[in-house]
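All remarks here apply to the structure that follows.
The values are calculated or read from the model by the stated rules, or taken from the named source; none is laboratory data. Just so it is clear, the structure is predicted and the values come from calculations on it, not from any experiment. Reconstructed Cβ throughout: ideal geometry from the backbone, glycine too, with neighbour counts over all protein chains shown.
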Amino acid sequence: MPSSVSEAVRVPEPLARARWLPSRRAVLGVLIVVGVVVLVVALRVTWVRAATQVIPIPARAGPVVSTVGVGAAPSSAAAGAPVVVHVVGAVARPGLLTLPPGSRVGDAVKAAGGVAQGADVAAINLARVIVDGEQIRVPRKGEAVSAEVAPGASTAGGPLSLNTADLGALDGLPGVGPVLAARIVEWRRAHGRFTNVEELGEVSGIGERLLTQLRPLVTV
């Protein structure tokens, strides 16, 4: 009877000396499995990082504030400023009126309550475009009136009013032309009425030489 279990289970000599060597197919299978596991782990880590990445939100830009300095070109709001006129004569409610830019004499008369009884509307041009600072007189029938002229235009060779002259009247000044005439009107709308002739020099394009030429020809 064998003295121990090892003696009872005896491994044959050839098998005891044999060394286990894995086949190439087995090694390749193990490498493929390891590669797949590594790839899955790498993709998982990349997905987690992408999911937890903080995307910075750009700060919302504040409102853009446009400023116009002294002497700068007037803004579009200033160019579209309302006009103030004085309606007198045969109207229902004479007085000062504020109207949108581009309004006509007919609009001013309507805003003043319409013509009163006995008004002579044929004596005025209801289609004329009004300018800021002018006076509109609606005469009565039989009332002596002078021929209507452009607002601010000179009668009997007098100086031209910078505060009531329209583009056509300003364009007629020597050395002014349509461009400078438009700038004078824009300055008036942006800054209000001229308080003295010297302020004409603040209009872009009017230098001292031209101002000297215009001084005796204009007034406020």
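A single member of G133, G158, G168 is modelled with pLDDT under 85, within 32 Å of the chain's Cα centre (by Cα) and either surrounded by fewer than 20 Cβ atoms within 10 Å (Cβ to Cβ) or not in a loop (DSSP other than H, G, I, E, B) (or both), and it is G168.
Of all residues in the range 75-129, those being assigned to a strand (DSSP E or B), out of contact with any helix residue (DSSP H, G or I) (no Cβ under 7 Å at 6 or more places or on another chain) and of a type in the set (A, V, I, L, M, F, W, C) number 6.
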